[in-house]
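Trainee: My structure is below; once you've seen it, I'll send some questions.
Throughout, read-outs are computed from the coordinates displayed, never taken from laboratory work. Only a predicted model underlies this, so the values are computations on that prediction, with no experimental measurement involved. So basically every Cβ, Gly included, is an ideal-geometry build from the backbone, and we count neighbours across all protein chains shown.
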């Protein structure tokens, strides 16, 4: 690797044993300091796959482990590009590693499930705000936000074939045991190159990229959008929605829960301009949410108590999935059945917490984002849809949409 550990103070020469890649060396003293930062350490207490462990018991890995894995792959990718003659300074190396290491510090507890519960902004915007508070270099901020002149450095952090996706597919597949997510990570990294300041894949890596795209699509249906995972996510969101609503009505939901979490239950979704919200957010992890939910199992409000007990005991709602929208008649029929058997819950509350419908979308490739380009031996560059024998434009443009009807029976 390009980085040499000789200049790292002895107390910062650490080796991390990762179950996916083996030994990960910390490449510099400043990277060690970032790893030690409280914002990054918080990710130890946030699961990478949220509630997926309710389906795949092995999915206990954390955002922290993912951040280290993505940094490891970034270091490998930069080394490959340097070996191929790309001029990358030590400052650019350091900034790129910092950007990928910190790319997820803005994630909410339970990852994507609560993406906009705490802040109106995306987790990427929250991450950028927290990077500024840490005091990382301007180069790191520019690489992360795609403002740095060398565009390929940002593409290694965020693109359709970035070190973030390469790690999470590999890591999620490893810990869930879902073999469909296994991709040729090492092969893809070895095939990386730069052409006209953009990241490309050498021709020999085309089959690995085809498998990468297919694997990502399969992992979405089999893991990220598994019916039971979707059901658990809906239940968690319903619990927090109910806690918010009845707190406004004067029913106490914040007694005994974490003060930092209580700030959001009382005040609702905030913006990153709210300094108090930022302070509270960086103190919240999965354990705060679980603790609150366990306390709410004994709340005086029946709906909050019942929903909380369901999640704690893994009594998830039923999900019916089909290719077309569920009609209002379909929804009303279920609500009528529930209303007849449980008249103490109003139809309005049944529709808000117990009978819900929405869509699921899965698109493995986007023509609006940076393209996946293949570099041929003759110097010609083609987008993957024009270079592949398997993945034509019609296949890649296809966005699969399914619709679900969620039903949580009430059993007193």
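Trainee: With a 10 Å Cβ neighbour count serving as the proxy for reagent exposure, in which order, fewest first, do 71, 219 appear?
Mentor: 219, 71
Trainee: Picking from 204, 147, 377, which is most flexible by a Gaussian network model of the chain using Cα springs under 10 Å?
Mentor: Highest fluctuation of the listed residues: 377.
Trainee: Sticking with this one: Shape call for region 228-310 from the C-alpha gyration tensor, a ≥ b ≥ c root eigenvalues: rounded (a/c under 1.5), prolate (a/b greater than b/c) or oblate?
Mentor: prolate
Trainee: Cut-off 15 Å, label point 7 angstrom out along Cα-to-Cβ of residue 403: give me the residues of region 324-356 whose amide nitrogen falls inside.
Mentor: Within reach of a label on residue 403: 324-334, 356.
Trainee: Note down, for the chain, the three equivalent ellipsoid semi-axes (square root of 5 times each alpha carbon gyration tensor eigenvalue), biggest first, whole angstrom.
Mentor: Ellipsoid half-lengths, sorted descending, are 41, 27, 17 Å.
Trainee: Under the Kirkwood approximation for Rh and a Cα-based Rg, what ratio Rg/Rh is obtained for region 266-379?
Mentor: Checking Rg against Rh, the ratio lands at 1.14.
Trainee: Connecting C-alpha atoms closer than 10 Å in a GNM of the chain, tell me which of 319, 374, 400 has the biggest fluctuation.
Mentor: 400
Trainee: Once the Cα atoms of helix 163-176 and of the chain are each reduced to a long axis, what angle between those two axes, in degrees from 0 to 90 to the nearest 10, is obtained?
Mentor: Roughly 50 degrees, rounded to the nearest 10.
Trainee: Treat the count of other C-beta atoms within 10 Å as a stand-in for reagent exposure and order 327, 96 from fewest to most.
Mentor: By the 10 Å Cβ count, ascending, the order reads 327, 96.
Trainee: Could you work out the percent of alpha carbon pairs in region 5-225 separated by over 30 Å, rounded to a whole number?
Mentor: Details: 4904 of 24310 pairs.
When every Cα pair of region 5-225 is considered, 20 percent fall beyond 30 Å.
Trainee: By how many nm would the segment from residue 298 to residue 87 grow when fully extended, if each residue of separation counts as 0.36 nm and the alpha-carbon distance is taken off?
Mentor: So the chain would gain 69.8 nm between residue 298 and residue 87.
Trainee: While we're on this one: Just how many % of Cα pairs in region 107-173 lie over 15 Å apart, if you round to the nearest whole percent?
Mentor: 63 percent
Trainee: Once you keep just the Cα pairs under 8 angstrom separated by 6 or more residues, what percentage relative contact order results for region 8-88?
Mentor: 20 percent
Trainee: Moving on to the next point. With r as the distance between the Cβ atoms of residue 120 and residue 392 and R0 = 60 Å, compute the FRET efficiency 1/(1 + (r/R0)^6) and round to 0.05.
Mentor: Calculated value: 0.95.
Trainee: For the chain, set up a GNM with springs between Cα atoms under 10 Å and report which of 85, 50, 181 has the largest fluctuation.
Mentor: Among 85, 50, 181, the largest mean-square fluctuation in the Gaussian network model of the chain belongs to 85.
Trainee: Moving on. Measuring from centroid to centroid over Cα atoms, what is the spacing of region 112-176 and region 328-393 in Å?
Mentor: Using only Cα atoms to place each centre, the spacing works out to 23 Å.
Trainee: Taking the Kirkwood radius as the inverse of the mean 1/r across Cα pairs, report the Rg/Rh of region 1-110.
Mentor: My calculation of the ratio gives 1.00.
Trainee: How would 220, 404 line up from fewest to most surrounding beta-carbon atoms within 10 angstrom?
Mentor: On the way: 220 18, 404 21.
So the ranking, lowest neighbour count to highest, is 220, 404.
Trainee: For the Cα atoms of the chain, what angle does the longest principal axis make with the long axis of helix 227-248, in degrees from 0 to 90, nearest 10?
Mentor: Taking Cα atoms only, the helix is inclined about 60 degrees.
Trainee: Can you give me the relative contact order of the chain as a percent, contacts being Cα pairs under 8 Å and 6 or more apart?
Mentor: Relative contact order comes out at 15 percent.
Trainee: How compact is region 124-243 by the rule of thumb for globular proteins, expressed as Cα Rg over 2.2 N^0.38 Å?
Mentor: The reported ratio for this selection is 1.31.
Trainee: So what's the Cα pair-distance distribution over region 174-279, bin width 10 Å, in %?
Mentor: P(r) for region 174-279, in whole percents per bin: 12, 24, 19, 21, 18, 6, 0.
Trainee: Another one. Of the beta bridges DSSP finds with both residues in the chain, what % are antiparallel, to the nearest 5?
Mentor: Details: 25 of 28 bridges.
Antiparallel: roughly 90 percent of the beta bridges in the chain.
Trainee: Note the angle between two axes, namely the Cα long axis of helix 63-83 and the longest principal axis of the Cα atoms of the chain, as a number of degrees from 0 to 90, rounded to the nearest 10.
Mentor: Between helix and principal axis, roughly 20 degrees.
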